[in-house]
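Written below as structure tokens is the structure these notes are about.
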Amino acid sequence: MISSRLLCCLTALLILPSSSNAADPDPLQDICIADLDAKISVNGFPCKSETEVTSDDFFFDLSEEGNLSNAFGRAVTEGNVHEFPGVNTQGISTNRVDLAVGGINPPHLHPRSSESSIVIRGTVLVGIITTDNVFYSKVVTAGMLFLIPRGLVHFQLNVGKENVLFFPSFNSQLPGTQFVHSSLFNTTPPIPNEVLTKTFLVGDEVINAIKAAITSAQLGHRPK
Ligand SMILES: *[C@@H]1O[C@H](CO)[C@@H](O)[C@H](O)[C@H]1NC(C)=O
């Protein structure tokens, strides 16, 4: 006779795989190239008519280095659904990241996706911070992968003597990117100074200096 406790565990096991699914929803058809101009709004984008699908819808060019002339020496070329409508409903996307010598991809997180990145060129310090504030890091070079768990704060710093190139892949068509510094010091409208002085335990002059510096710096990237 199955005890009620065992039954409870079995029920939990049956339910868990679907309820813990953390990636994008599964596609319901072969092809759903995003119609970015569609008038209706859904969770993602409607598909464009299959009669209008062409070979180009399945390809996207990330061969060119981005513009590294900014305060952070970084350039991200995004291959998410906004740039590459072919990934609509597929639950994946890939970016290209370039870092100048000494350049940094400042601490940020992706709310909707884990990240697996392959380093193609250079020497990069990758740092990951857990919700317990444990800091994991390693210097990685060409041919290595690094993993960023979903939603965790992370950064990449070019510590080598040549430009860094890596390609992050995501299990989301639109992973979202939230920078720690901009989400506190460069919002629209600005967060009241009182919140930031009380959070960081410093005076207005420190907060104003950081706000001014960050507002004038170009990320070369607008988080979506
Ligand atoms: C690179 O970005 C800088 C700063 O925004 C800009 O002045 C420059 O024209 C850009 N270069 C190219 C090739 O787009």
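The values are calculated or read from the model by the stated rules, or taken from the named source; none is laboratory data. Since we're looking at a predicted model, the values are computed, not measured. Glycine gets a Cβ as well: all are built from the backbone with ideal geometry, and neighbour counts include every protein chain shown.
Determine if the stretch 47-58 includes at least one residue that is assigned to a loop (DSSP other than H, G, I, E, B), within 16 Å of the ligand (Cβ to nearest atom) and of a type in the set (A, V, I, L, M, F, W, C). Taking every residue of the stretch 47-58 in turn, none turns out to be assigned to a loop (DSSP other than H, G, I, E, B), within 16 Å of the ligand (Cβ to nearest atom) and of a type in the set (A, V, I, L, M, F, W, C). Tell me yes or no: at least one residue of the stretch 89-96 is within 16 Å of the ligand (Cβ to nearest atom) and either modelled with pLDDT of 95 or more or crowded, with 17+ Cβ neighbours inside 10 Å (or both). So far as the stretch 89-96 goes, yes, one or more of its residues are within 16 Å of the ligand (Cβ to nearest atom) and either modelled with pLDDT of 95 or more or crowded, with 17+ Cβ neighbours inside 10 Å (or both). If you go through the stretch 30-46 and keep only what is out of contact with any Phe, Trp or Tyr (no Cβ under 7 Å at 6 or more places or on another chain) and in a loop (DSSP other than H, G, I, E, B), you end up with Asp30, Ile31, Cys32, Ile33, Asp37, Lys39, Ile40, Ser41, Asn43, Phe45, Pro46.
Taking Ser137 as the residue in question, decide whether it is part of a strand (DSSP E or B) and surrounded by fewer than 16 Cβ atoms within 10 Å (Cβ to Cβ). Taking the combined requirement at face value, the residue satisfies it.
In the set (1) part of a strand (DSSP E or B); (2) within 30 Å of Pro85 (Cβ to Cβ), the condition left unmet by Thr187 is number (1). Going residue by residue through the stretch 166-183, is there one that turns out to be of a type outside the set (A, V, I, L, M, F, W, C), in the same structural domain as Ile129 (by TED's automatic domain parsing), within 16 Å of the ligand (Cβ to nearest atom) and closer than 20 Å to Gly66 by Cα? Looking through the stretch 166-183, none of the residues is of a type outside the set (A, V, I, L, M, F, W, C), in the same structural domain as Ile129 (by TED's automatic domain parsing), within 16 Å of the ligand (Cβ to nearest atom) and closer than 20 Å to Gly66 by Cα. Quick check: anything in the stretch 185-199 touching a Gly at 6+ places or on another chain (Cβ under 9 Å) and within 23 Å of Leu68 (Cα to Cα)? Looking for residues that are touching a Gly at 6+ places or on another chain (Cβ under 9 Å) and within 23 Å of Leu68 (Cα to Cα), one finds none in the stretch 185-199, hence no.
Among residues of the stretch 49-78 that are hydroxyl-bearing (Ser, Thr, Tyr), those with a beta-carbon under 7 Å from a residue that is away from the ligand (no atom under 11 Å from the Cβ) at least six positions away or on a different chain give the pairs Thr77/Leu62; Thr77/Asn95; Thr77/Arg96. Of the candidates Gly79, Gly91, the single residue that is assigned to a loop (DSSP other than H, G, I, E, B), under 23 Å from Val42 (Cβ atoms) and in contact with a Leu (Cβ under 7 Å, 6 or more places away or on another chain) is Gly79.
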